[in-house]
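Down below is the structure, laid out as structure tokens.
The values are calculated or read from the model by the stated rules, or taken from the named source; none is laboratory data. Because the structure is a prediction, the values reported are computed rather than measured. A quick note on method: Cβ atoms are made from the backbone with ideal geometry, for glycine too, and the neighbour counts reach across all protein chains shown. Heavy atoms of the whole protein, side chains included, go into the accessibility calculation; ligands, DNA and RNA do not. Shrake-Rupley method; radii C 1.70, N 1.55, O 1.52, S 1.80 Å.
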Amino acid sequence: MVLGWSRRRNNHKKANNNNKNGGKPNMELVIPNHFRCPISLDLMKDPVTLSTGITYDRESIETWFDDGNFTCPVTNQIVKNFDMIPNHSLRMMIQDWCVENRQHGVERIPTPRIPISPTDVSNLLLQVKESSRRLDQLTCLDLVLKMERWGAESERNKRIIVDNGAPASLASAFDAFAGDSVERNVGVLDEILSALKWMFPLQLEAQKSLGSHASLSCMVWFLKHQDLPGKEKSIAALKELLSFGDKNNVEALSQIEGVNELLVELVNKRISPTITKNSLRVIWHMVSSESECGEKMKISFVELGFVNTLLGILIDSEKSICEKALAIFDCLCSCEKGRESAFGNDLTVPVLVKKVLRISSLSTDYSVSAIWKMCKFGEEEGKVLVEALQVGAFQKLLLVLQVGCGDSTKEKATELLKMMNPYRAELECIDSDFKNLKRSF
């Protein structure tokens, strides 16, 4: 079987080449069969030989084994020894062939780096552990940078690093240096957060280390004092930590002085979409916690004026941010102070009704739920119902039931329709698009 080397040239270049060859078209370049991987049939970049004696491209045969196969693709023999021996002779022959055919558009394959082994990772992590125990930030920083270089070389390296316990070791080192002094160890702490970012989701042991008071305080310090990349890494780590639903982490974070005010400030400033989204996600985890701490968080964020902030976000933000804002708004409406704050803003009902069937099914669920809570448990039920009718809520709720929704949303929409029905005869619906709706000051 012969495969041609694909050369991507534009028509102008083809014409020039034809002219140089006396009008004859270029011949198709043939790749020697023994240079091709038996799996991908592509030119091998990193040929390795199995114990069965067959040579494959490293990436292709690793993917084959990762998919759960235990046989040699060519011989169909069961592979008992998964060691892959680099075939340097064949690789150099392929490189020489590439150089000889440069005029045909063939690029020389780079000499592959030696892949890391689990033993290499284990030895490095032992050194990380020892350097963090001694609080030797310079040595630890060099080791973390070395680990990041390994990870940047290939996805395989990243997988081996994570599978051999790097997240737990790095999180433990982060806890140790944060407990010593954030200001003195800011360089190594920042680099550890960078490395952890591509190791999410974290293992349980890593979560425990990052959930310590010292680690959480350090990440909050980063949000206050670091530059934009530092803030993004810190808020991403907080979001990842709280996403596991551990009430202890929520409670530990809530006990850090000024964290609620800081999160509200980050959302208000909108210094980057990443920080805004992750800050909203962190706040949602805090206010949705089914514990006494979660109830306190709801009241705290309401008192910080976060209901009005959320309404401002809902007016002019993208889909993903609106979904997160609606989720928090719905949570805050679960408490009396949250509903009171929502009643106090004239934009609340029009904005919530507008978001029904406008963004996503999740946004519709949150919007219907928030309106239902305001009508069901609020002291100004009649006022909310009348205002909702005036901006087209009745028709939208009917559509929600027609297009389909979850059982919970269906029940709430049905109940809202029953509550609105007595007021319908006296009111007329107005346009619900609110194209001229401006931010509330």
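Dipole check for the chain: with +1 at the C-beta of Lys and Arg, -1 at the C-beta of Asp and Glu, and the Cα centre as origin, the magnitude is about 1800 Debye. What longest range of the chain stays clear of loop-exposed GluC sites (Glu not before Pro) (DSSP non-H/G/I/E/B, at most 14 other C-beta within 10 angstrom)? Answer - 29-106. The residue list Phe306, Phe174, Ile275 was ranked by how far each Cα lies along the charge dipole of the chain toward its positive end, using unit charges on Cβ atoms, and Ile275 comes out on top. Working from Cα pairs under 8 Å separated by at least six residues, relative contact order for the chain is 7 percent. Based on every Cα atom in the chain, Rg and the maximum pairwise Cα distance Dmax equal 30.1, 90 Å.
Measuring nothing but how far apart in sequence close Cα pairs (under 8 Å, 6+ apart) lie, relative to its length, region 318-371 scores a relative contact order of 43 percent. Once you keep just the Cα pairs under 8 angstrom separated by 6 or more residues, what percentage relative contact order results for region 130-271? Result for region 130-271 is 21 percent. Candidate cross-link partners of Lys224 among the aspartates and glutamates, defined by an alpha-carbon separation under 14 Å and a same-chain spacing of 8 or more, comprise Glu183, Asp190, Glu232, Glu257, Glu261, Glu265. When the pairs Lys373/Lys418; Lys296/Lys337; Lys129/Lys239; Lys146/Lys197; Lys269/Lys354; Lys197/Lys239 are compared against a 18 Å limit on Cα-Cα distance, Lys129/Lys239; Lys269/Lys354 fall above it. When all protein chains stay in place and ligands, DNA and RNA are ignored, the 1.4 Å accessible-area order of Tyr366, Tyr56, largest first, is Tyr366, Tyr56.
Just round it to a whole percent: the fraction of Cα-Cα distances in region 108-164 exceeding 17 Å.
40 percent
If only the Cβ of Lys and Arg carry +1 and only the Cβ of Asp and Glu carry -1, the dipole of region 25-123 around its Cα centre is close to 200 debye.
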